[in-house]
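Engineer: Sharing a structure, written as structure tokens. Questions coming.
The values are calculated or read from the model by the stated rules, or taken from the named source; none is laboratory data. Keep in mind that this is a model prediction, so the values were computed, not measured. Virtual Cβ from ideal backbone geometry, glycine too; neighbours counted across all protein chains shown.
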């Protein structure tokens, strides 16, 4: 991840770079946890997320999954530990409306941290493009 951040900083400094970056704030959404019977409830998370899309992929600050670019507006990360944990995060940029869509799901969490439940979540956030 550190190598990627260094490469991203170098790319951002290049005038002809094909990097688009935004800050996301005002997150609002719904989460459903296994220990709550997967009943959805209103939720949010910390503001100030940075999301960048490059020709090769992209990065989201605070995301520890390797991300691949799917089309012009979508980044997706997936990880498994081979013991049952599977995590999927998807970040989609709605340029027309200035909104970030985030979906997350995690199953098999007890194989890593027995105190955390499996869950699914969907959030929207306001986007501001960095120039």
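Engineer: For residue 96, work out the one condition from (1) in contact with a strand residue (DSSP E or B) (Cβ under 9 Å, 6 or more places away or on another chain); (2) under 22 Å from residue 131 (Cα atoms) it doesn't fulfil.
Structural biologist: Going through the list (1) in contact with a strand residue (DSSP E or B) (Cβ under 9 Å, 6 or more places away or on another chain); (2) under 22 Å from residue 131 (Cα atoms), residue 96 breaks only (1).
Engineer: Among (1) touching a strand residue (DSSP E or B) at 6+ places or on another chain (Cβ under 8 Å); (2) modelled with pLDDT under 95, which single condition is residue 81 missing?
Structural biologist: It fails just one condition, (1).
Engineer: May I pose another question? Just give me the residues in the stretch 24-52 being modelled with pLDDT under 95, farther than 27 Å from residue 72 by Cβ and part of a strand (DSSP E or B), in sequence order.
Structural biologist: Listed by number, the list holds a single entry, 43.
Engineer: Go through (1) outside any strand (DSSP E or B); (2) surrounded by fewer than 15 Cβ atoms within 10 Å (Cβ to Cβ) and name the single condition residue 78 misses.
Structural biologist: (1)
Engineer: Related question: If a residue must be under 29 Å from residue 122 (Cα atoms) and either surrounded by 15 or more Cβ atoms within 10 Å (Cβ to Cβ) or at pLDDT 95 or above (or both), how many such residues does the stretch 1-23 contain?
Structural biologist: 7
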